[in-house]
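Each remark here refers to the structure printed beneath this line.
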Amino acid sequence: MHKPNKSKALFERARQILPGGVDSPVRAFQSVGGSPLFVRRAWGSTLEDVDGNRFIDYVMSWGPLIHGHAPAGLVRAVNAAARLGTSFGAPSALEVELGERVRTLVPSMERVRFVSSGTEAAMSAIRVARAFTGRDRIIKFEGCYHGHADAFLVKAGSGATTLGVPTSPGVPKAVAADTLLARYNDIASVEALCEEQGRSIAAIIVEPIAGNMGVVAPADGFLDALRTLATRHNILLIFDEVISGFRASAGGAQAIFGITPDLTCLGKIIGGGLPVGAYGGRADVMDLVAPAGPVYQAGTLSGNPVAMTAGLWALKRLTAGLYRDLSKRGAMLAAGFAEAARAARVPLQVNAFGSVMTPFFTTSPVRDYDSALTANTRAYATFFRAMLARGIYPPPSQFEAWFLSAAHTDRDVKKTVDAARAAMKAVARDM
Ligand SMILES: *Cc1c(COP(=O)(O)O)cnc(C)c1O
């Protein structure tokens, strides 16, 4: 890798105008050290920085790019759409078509409302759940992420209280107190909250395959038990499938595990790399949303024609072959990392699910937030830098998913595993 001189200079400039030099915190490389690379362009599985360094990308814009960077067909479709107008602020056929396609792929979504981000989707889903149930509280799981709305920036309170406390200044205590925290893969922790306060709980929101504490799959029966508990207490079950939707399978995690949530949140892949989110589900719940019902939610750029076009292009290409290839390469990568770690005697737990994975630098199996936190973030930072130096662009945090796309080849994966062998030796020397 040549020196990232232009990236360094840009970061200096950026810090004078953008808080911390970025528009989303993890991009700043704070937890892995060094300064972030500024990207000039990207194609397929390749990212090129402003200094001309090229990398095999495993961030893939944090999940949306299941077909790789800038596929030629998508670029053509987006170009053609833009020529017809970049925004209407009035209905278009594209929204209807994308909505119908979403419902075909995810049948629990009888009604769909498009928004512009996953944050908006999750925020709006709990609003309609609160309206439907006439209750204010929600249950979320430690380590799950549902965007940056106030209600979700919450951790468990200390001591006897089960009421959430804010994790960010600026989140009102009163808002945080309505969010109850449970442990992922620990159904007893959810049962206890439902027994105690079921009558004031509107929704349980969960990532059916967790991706934001690193990848953590649901334990056998966990999602089933959530469905049963929610039904018993008249609580709505919300699957946040912003990552797993169209990624775990064309029908998301709900298709794989055979669970029907009341509401689903989508984002990332649904926009094909452009800003789109969606929430939807049971018609009797979603018909409360304005103008069908009284629950207010709106958006100037919602259903944007260029973004809808990109989403349609992406969703039309979710073939069985795509998922077969992604899983095959996911398994190759996971096995390669595990083997590289064994050879270097570095403790590593590789959590993989299809085309997403996280190598956790720990001896304990990772099945919830507490066990994720046993990971050695210093070891990850060493690994990250050693991979970057070898032309691999990993997520700049231990607690993020690595994403594969249709553009990643066997050769990419092999090159990545070769780099991991050397990087694991660097980690071993540093431990
Ligand atoms: C990324 C993500 C979000 C937030 O989506 P944005 O488009 O970044 O607002 C919400 N939930 C999950 C599970 C996510 O991974």
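The values are calculated or read from the model by the stated rules, or taken from the named source; none is laboratory data. None of the values given here were measured: they were computed from a predicted structure. Positions of Cβ are backbone-derived with ideal geometry, glycine not excepted, and every protein chain shown enters the neighbour counts.
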Task: Unique residue being among the β-branched types (V, I, T) and in a loop (DSSP other than H, G, I, E, B) when the list is T382, T374 - done: T374
TODO: Please verify whether the stretch 326-345 includes one or more residues that are closer than 25 Å to Y184 by Cβ, buried (at least 16 other Cβ atoms within 10 Å of the Cβ), among the basic types (K, R) and not assigned by TED's automatic domain parsing to the domain that holds G251.
DONE: no
Open item on the list: Could you tell me how many of the residues in the stretch 122-133 are more than 7 Å from the ligand (Cβ to nearest atom) and within 11 Å of Y279 (Cβ to Cβ)?
Closed with: 7
Open item on the list: If the requirement is being assigned by TED's automatic domain parsing to the domain that holds R227 and away from the ligand (no atom under 12 Å from the Cβ), which of these qualifies: F114, F152, F141?
Closed with: F114
Open item on the list: All but one of (1) of a type outside the set (D, E); (2) in contact (Cβ under 8 Å) with a residue 40 or more places away in the chain; (3) part of a strand (DSSP E or B) hold for L301; state the number of the condition that does not hold.
Closed with: (3)
Open item on the list: If I filter the stretch 82-94 down to residues being outside any loop (DSSP other than H, G, I, E, B) and touching a helix residue (DSSP H, G or I) at 6+ places or on another chain (Cβ under 6 Å), which single residue comes out as surrounded by the fewest Cβ atoms within 10 Å (Cβ to Cβ)?
Closed with: A82
Open item on the list: Condition check: outside the structural domain of I243 (by TED's automatic domain parsing), touching a helix residue (DSSP H, G or I) at 6+ places or on another chain (Cβ under 6 Å) and of a type in the set (V, I, T). Does T382 satisfy that?
Closed with: yes
TODO: Give E339, E400 a once-over and let me know the one that is more than 22 Å from the chain's Cα centre (by Cα) and of a type in the set (D, E).
DONE: E339
Open item on the list: Against the conditions (1) over 20 Å from the mean Cα position of the chain (by Cα); (2) closer than 18 Å to R385 by Cα, where does D57 fall short? Just the number, please.
Closed with: (1)
Open item on the list: Can you report the number of residues in the stretch 279-289 which are out of contact with any Cys (no Cβ under 8 Å at 6 or more places or on another chain) and within 10 Å of R113 (Cα to Cα)?
Closed with: 4
Open item on the list: Here is a check on your reading of the model: is D262 more than 24 Å from F403 (Cα to Cα) and not hydrophobic (A, V, I, L, M, F, W, C)?
Closed with: yes
- [ ] Please determine, by comparing only the residues of the stretch 163-174 that are of a type outside the set (G, A, S) and surrounded by 16 or more Cβ atoms within 10 Å (Cβ to Cβ), which one is nearest to the ligand (Cβ to nearest atom).
- [x] V171
TODO: Answer yes or no as to whether I235 is buried (at least 24 other Cβ atoms within 10 Å of the Cβ) and either at pLDDT 95 or above or away from the ligand (no atom under 16 Å from the Cβ) (or both).
DONE: yes
Open item on the list: Just to be sure before I move on: is R27 of a type in the set (D, E, K, R), within 19 Å of the chain's Cα centre (by Cα), under 30 Å from M213 (Cβ atoms) and modelled with pLDDT of 95 or more in the structure I sent?
Closed with: yes
Open item on the list: Quick check on the stretch 246-257. Is at least one of its residues within 11 Å of the ligand (Cβ to nearest atom), crowded, with 17+ Cβ neighbours inside 10 Å, of a type in the set (S, T, N, Q) and within 27 Å of G73 (Cα to Cα)?
Closed with: no
- [ ] Count, please, the residues in the stretch 30-79 that happen to be crowded, with 20+ Cβ neighbours inside 10 Å and modelled with pLDDT under 95.
- [x] 0
